[in-house]
Amino acid sequence: MSQRKLIGVLTPSSNTALEPLTSAMVGSLPGVSAHFSRFTVTEISMRDQSLNQFDDSKILEAARLLADARVDVICWSGTSASWLGFERDRQLCARITEATGIPATTSVLALNEILAAQGARSLGLVSPYVEEVQRLIMANYAGIGVPCVSEQHLSITVNYDFGEVEPETLRRMLREAAQARPEAMTIMCTNLRGAQLVDEMERELGIPIYDSVATVVWRALKTVGVDPRELKGWGRLFQEVA
């Protein structure tokens, strides 16, 4: 019997996009499956109520449940470190591995790895977030030498509502962000239904687009020893980034 590859995914409780997207991606790969554990996230803002959602203890509890399924990697499919600071995700991954013995990664750390591997020096940022959150994201990327030369945001705070954003809205935002000709673009939110648009929009715009759901899948596949190039139709990321 061939060895299965089990990918564990930590999911914001109100997210309705990342689970079907993640499962659709890995579902084409023989023996690879995704398994999910939720913790409470309902609002994205800089209010204390929102910030407290990302307390590590709640995330670790969800990670321990995934460990019961003996997954091969645990992924935080979320983007909170993009505004709270990248060190938050590095610390989180270390704590998950310490608690479970399982390697861990995140959407944001994977994106940063991809940008570094591709030598990207400018970024187009597309998100559903409010301006204050968007500014913090832009500052954090400027801090690692990848300034956001264009941005589009929707000023939404309710996490569930992100999943209701229509694909045509995302297409419009990507087109607007592409006008500054950044070297790469990102769809920064795992509750936007953007991953399935990437292949189409990359062909139209001629710029690599790194969706937050896709970045963590890319890193998860590498971690469990599956060549990302086996994944077809989800954009240049899986074919071009070593």
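Quick note: the coordinates plus some simple rules give every number you see, no bench work behind them. This one's a predicted model, so the numbers in the text were calculated from it and none came from an experiment. All Cβ positions, even for glycine, are placed from backbone atoms using ideal geometry, and neighbour counts span all protein chains on display.
With each label modelled as a point 7 angstrom along the Cα→C-beta vector, the Tyr160-Ala67 pair spans 3.2 nm. Our helix-only sum for the chain, with -39,500 (n - 2.57) per DSSP H run of n ≥ 4 divided by its residues, gives a mean residue ellipticity at 222 nm of -13000 deg cm²/dmol. Students often get this wrong, so try it: which of (i) 11.5; (ii) 13.2; (iii) 14.3 is mean projected area of the Cα convex hull in nm² as calculated from the structure shown? From the options (i) 11.5; (ii) 13.2; (iii) 14.3, the structure gives (i). Once the chain from Arg171 to Asp48 is taken as fully extended at 0.36 nm per residue, the excess over their C-alpha distance is 41.0 nm.
What does DSSP give for the stretch 117-211 in terms of the percent of beta bridges that are antiparallel, rounded to the nearest 5?
Roughly 0 percent of the DSSP beta bridges within the stretch 117-211 come out antiparallel.
State the extension gain, in nm to one decimal, for the chain segment bounded by Glu87 and Ser57, taking 0.36 nm per residue of separation less the distance between their alpha-carbons.
Contour length minus the Cα-Cα distance gives 9.2 nm.
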